Amino acid sequence: MPPVQVSRRALEARVKRALDKDQQTLRKCRPDSRGYLELGDYYIIDYNLNIIVAQNVDIEDLAREMEVFKPYEELAD
C-alpha cells in the first residue's frame, strides 16, 4: 500500500493545533527576513512567556514526535 500524501500546509495546521494546547504556536520565517539565519524555516513561540522556545524546527520530525504525522504518511512535494 502506498504512503498517504500530506501537504505541507496540512502538516503545519496539525502541528499548530497540537501546540495550541500548550499555549504555543508554530511560526514560519520568510527566507528574506533578518532573523532567518537564526530562526530557520520554522520556530515555536510561547504565548504566555512571549518568547521563542524552539528555533530551526524540522516540522516533519516535530509532527512525528507529537504523533500528528502517522508512520504511513509522507510529506507531499
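The values are calculated or read from the model by the stated rules, or taken from the named source; none is laboratory data. The shown structure was predicted, so the numbers you read here are calculated from the model rather than taken from an experiment. Note that each Cβ is placed from the backbone with ideal geometry, even for glycine, and that neighbours are counted across all protein chains shown. Accessible surface areas use protein heavy atoms only, side chains included; no ligands, DNA or RNA. Shrake-Rupley method; radii C 1.70, N 1.55, O 1.52, S 1.80 Å.
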- Query: Which whole-number percentage describes the relative contact order of the chain, with Cα contacts under 8 Å and a sequence gap of 6 or more?
  - Reply: 36
- Write down the percent of antiparallel bridges among all DSSP beta bridges whose residues are both part of the chain, to the nearest 5. 75
- Run the accessible area of the chain with a 1.4 Å probe and give the carbon-and-sulfur part as a rounded percent. 47
- Under 5 Å between amide H atoms, partner at least 5 residues away or on a different chain: which partners does A76 have, H built in plane at 1.01 Å? V6, S7, R8
- Message: Can you give me the accessible area per residue for the chain, using a 1.4 Å probe, in Å²?
- Response: 72
- What FRET efficiency do you get for R27 and K70 if R0 is 30 Å and r is their Cβ-Cβ distance, rounded to the nearest 0.05? 0.80
- Task: Using amide H atoms built 1.01 Å from N in the peptide plane, name the residues 5+ places from C29, or on other chains, whose amide H lies under 5 Å from its own.
- Result: Y42, Y43
- Query: With no solvent and one point per C-alpha, what does the Debye sum give as log10 I(q)/I(0) for the chain at q = 0.14, 0.15 Å⁻¹?
  - Reply: -0.47, -0.53
- Query: Taking K70 as the anchor, which aspartates and glutamates have their alpha carbon closer than 18 Å to its alpha carbon, excluding any fewer than eight residues away along the same chain?
  - Reply: E12, D58, E60, D61
